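First up is the structure itself, then whatever we jot down about it.
The values are calculated or read from the model by the stated rules, or taken from the named source; none is laboratory data. The structure presented is a predicted model; accordingly, all values stated were derived computationally and were not measured. Methodologically, a virtual Cβ is constructed for each residue, glycine included, from the backbone with ideal geometry; neighbour enumeration extends over all protein chains shown.
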Amino acid sequence: MDDFDKKSPLCGTYKRHRTHTRVPIATWPSRLPVTECKQGSIPPTCDKGRGLMSRKMDKAEHAPSASRQPPASVILDEESRSIRQRISAAVVILSSLALTVAALVDIPGFTSTSRQNQLVEGFLRIFIVVVAGILITHLARHRDHPDLSRLKPDEAAPMPASIKELIEAEDFVVRHYGEEAIRYFSRTLLDLSSYLARVDEEFAPAHRNVLVKTALTFRTIESRNLGTSEAGARQVLGTDQRVLVPVLAAEEDRLIDNLGVCDASGRTLPLLPRWEVRGLITATLRMYLEQQVLRLPKVNQEDGLPELAKEVLTWVLMDAVCAVGERSVSVRQDGSPKRTTAQAAALEALWELRELGMLAETIWEMRYLCEALADQYLTVCEISPSGGVNTVVKYCYTYPSQVLVGSGYERSRAKRGLDPSRFDLTMSRALETDSYHLQFTAPESQYVHSHHLERADGTIVRARELTIAGVSQFVRHYHEEGRSVAHAHTRRRGISRGVRGSTTQGHSLTSVVRVREVPPGTLGSTFLLSLVTTAVIIFVTATRIGLEGQSGNANLPALLLAIPAFLAGTLGKGVDSARLARTPMLTYYGLSATGFLSFSAALLYVLDAAYNLNTGVAISLLGNSVQLHADWPWITLSFLSLSVFIFLLREKRDQTWYYLNSLRNSVDRNGA
């Protein structure tokens with residue numbers, strides 16, 4: 001098989017060397033067990049003074065027995081438990097209210113002036129107050145929630161992959177998919193940036209989920225080697241040649257929801273099972289290790305891989321790259337016990353390759369590759385090229401839009417059942433391809449307020465700061481244009497091998513998009529409701545209609561105070577649940593304040609009309625030239641209502657002007 005001339009974001013820079021003969025892994029002579037590898041088994045200690053670490057399994061690693069599982073009756077009794085919790089809460093509420101009433105009401109038989117009766121009554125009231133306080137505190141602090149801990153799925157059993165299983169998997173994929181498919185997969189996995197020509201990602205929010213559609217454009221030639229002459233250029237793969245393509249990688253413990261993979265025509269592509277993917281990874285690592293080891297001066301190429309290289313590769317495959325779960329082991333190195341994991345111990349064994357003359361830089365590259373393959377679940381599809389230079393693979397999936405830990409604003413929206421206004425979109429392939437496009441479509445009645453790029457630590461990325469091997473990369477995105485689509489584009493600059501083969505700076509990029517409602521929206525409805533409420537309250541405050549015993553107009557104040565309620569009902573008919581969930585927090589608080597003031601005005605009017613409250617005050621204006629008589633509670637309501645109205649008026653004006661200016665910027669930039 002040909003050598004790998006590659007650099008991947010996973011494994012660094014590699015140089016070209018001459019072709020080596022493929023050695024099937026099944027024929028490796030090794031001291032490691034092959035047919036007797038069982039669950040929990042570990043390769044034996046490598047001896048002969050090589051310094052490999054001796055290990056033994058922890059006693060706590062055994063899988064849980066079936067006898068520890070809860071019975072089905074206990075698992076299915078969760079609904080009954082929830083009902084009991086609600087009944088208990090109702091009893092506590094009734095008891096708290098009854099004790100509160102008992103503490104306030106005089107106790108029969110203890111109302112005399114006798115000192116003894118007064119003491120007994122006092123102690124009883126104190127006791128009742130204490131008990132009521134305990135119940136109220138319990139009611140406020142205790143939260144009933146379903147106990148689903150017994151239904152939690154068990155963690156994956158600590159089961160390393162056996163060498164026999166890996167041998168069978170590799171032989172299967174080689175026999176059924178062919179050498180050409182394995183070669184193409186290995187090259188795309190190790191040198192993804194040379195094969196991935198373009199990536200288009202579309203993000204569309206749906207309530208608290210985000211739908212992602214991705215199109216990957218792969219080159220069907222064997223490498224994008226710009227320095228290759230025409231005589232030695234690679235040929236395009238034919239339409240009858242099936243190839244295996246790595247589609248996406250996710251963390252081992254993550255489930256990908258609604259995953260679908262298809263080609264450019266929409267035809268569903270088959271995905272390889274995990275067992276076959278292990279075989280592909282085994283073949284890739286074996287060929288990569290052959291490439292790195294057989295070119296060392298101390299290694300005789302005719303003898304194949306040395307024993308040490310075989311043992312290290314087997315150890316890494318079993319306990320790191322193809323292992324399932326994390327297993328704690330006791331590691332003893334240089335006579336001192338040390339606690340670590342099986343994966344870490346296997347990766348440390350790569351440093352034993354220094355005995356063969358391998359450089360530390362190469363070992364670090366191998367370790368980086370193995371760590372990435374060990375921590376991620378690789379999804380691979382089978383596709384037939386279109387016959388041209390490029391072929392397209394599309395996939396889509398959904399993931400939940402997570403509330404930021406440090407964002408109090410987003411947490412407040414989530415508590416009130418509102419959709420998020422900030423979206424963190426991972427640009428995992430932005431620097432792995434020649435051209436990357438990200439498009440985010442804002443929900444209906446919203447526009448993109450702000451858009452910027454961040455690193456994994458949250459620092460904002462400027463275009464001049466995004467460099468590869470000292471070469472500034474091309475980055476563009478919309479800014480303050482009031483669009484409904486956020487579009488980010490990165491284009492790799494630099495065609496020399498040093499630029500393509502260097503480690504990218506700021507490899508993990510996140511596109512942060514904030515959306516806002518297109519003004520006036522629901523804020524305009526809230527402003528209109530506040531206007532009517534303020535007008536009614538100020539009118540009643542100034543005229544005191546119905547509060548001084550006037551006749552013939554008893555129904556007029558009630559009709560006036562009911563106008564905001566009728567208006568709110570009319571405006572609410574035009575707002576569906578989806579649009580209501582996208583309401584800004586300002587509208588939420590403004591509507592709450594307006595409703596509170598309207599309700600307070602109605603209650604105050606009823607109270608004042610029934611009891612004729614003596615709250616009148618005389619106000620002098622313009623040097624005692626004008627005398628006004630009003631009630632101070634109504635003056636207070638008028639002041640608060642007018643403040644809310646002015647605040648909403650200002651926000652509506654500012655947001656409308658900002659949106660119109662953004663649209664004007666978009667027109668000016670497109671026309672320039």
Within the stretch 272-282, residues buried (at least 17 other Cβ atoms within 10 Å of the Cβ) and outside any helix (DSSP H, G or I) come out as L272
Task: Flag if A618 is assigned by TED's automatic domain parsing to the domain that holds T583, modelled with pLDDT under 90, under 18 Å from T541 (Cβ atoms) and part of a helix (DSSP H, G or I) - done: no
Note: among F127, F110, F123, just one is at pLDDT below 80, among the hydrophobic types (A, V, I, L, M, F, W, C) and closer than 20 Å to A98 by Cβ, namely F110
Only one of (1) within 25 Å of R422 (Cβ to Cβ); (2) modelled with pLDDT of 85 or more does not apply to F596, and that is (1)
Among L591, L607, the single one that is among the hydrophobic types (A, V, I, L, M, F, W, C) and buried (at least 16 other Cβ atoms within 10 Å of the Cβ) is L591
**OP:** Tell me, please, whether a residue that is in a strand (DSSP E or B) and of a type outside the set (G, A, S) can be found in the stretch 369-377.
**Re:** yes
For L556, are the conditions met, namely being surrounded by fewer than 19 Cβ atoms within 10 Å (Cβ to Cβ), modelled with pLDDT of 90 or more and assigned to a helix (DSSP H, G or I)?
no
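Could you please let me know if V512 is within 30 Å of D668 (Cα to Cα) and at pLDDT 80 or above? So that I can check it myself, show each step before the final result.
Numbers: within 30 Å of D668 (Cα to Cα): yes; at pLDDT 80 or above: yes.
Yes; evaluated as a whole, the condition is true for this residue.
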All conditions in (1) farther than 25 Å from V475 by Cβ; (2) touching a residue at least 24 places away in the same chain (Cβ under 8 Å) are true of L431 except (1)
Contact list, first residue from the stretch 480-492 and in the same structural domain as T656 (by TED's automatic domain parsing), second anywhere and surrounded by 20 or more Cβ atoms within 10 Å (Cβ to Cβ) and of a type outside the set (A, V, I, L, M), beta-carbon distance below 8 Å, six or more apart or interchain, is none
Checked L418, L438, L466, L425 against criteria (in contact with an Asp or Glu (Cβ under 7 Å, 6 or more places away or on another chain) and surrounded by 14 or more Cβ atoms within 10 Å (Cβ to Cβ)); the one match is L438
Among residues of the stretch 350-392 being farther than 22 Å from T282 by Cβ and surrounded by 20 or more Cβ atoms within 10 Å (Cβ to Cβ), the residue farthest from the chain's Cα centre (by Cα) is P385
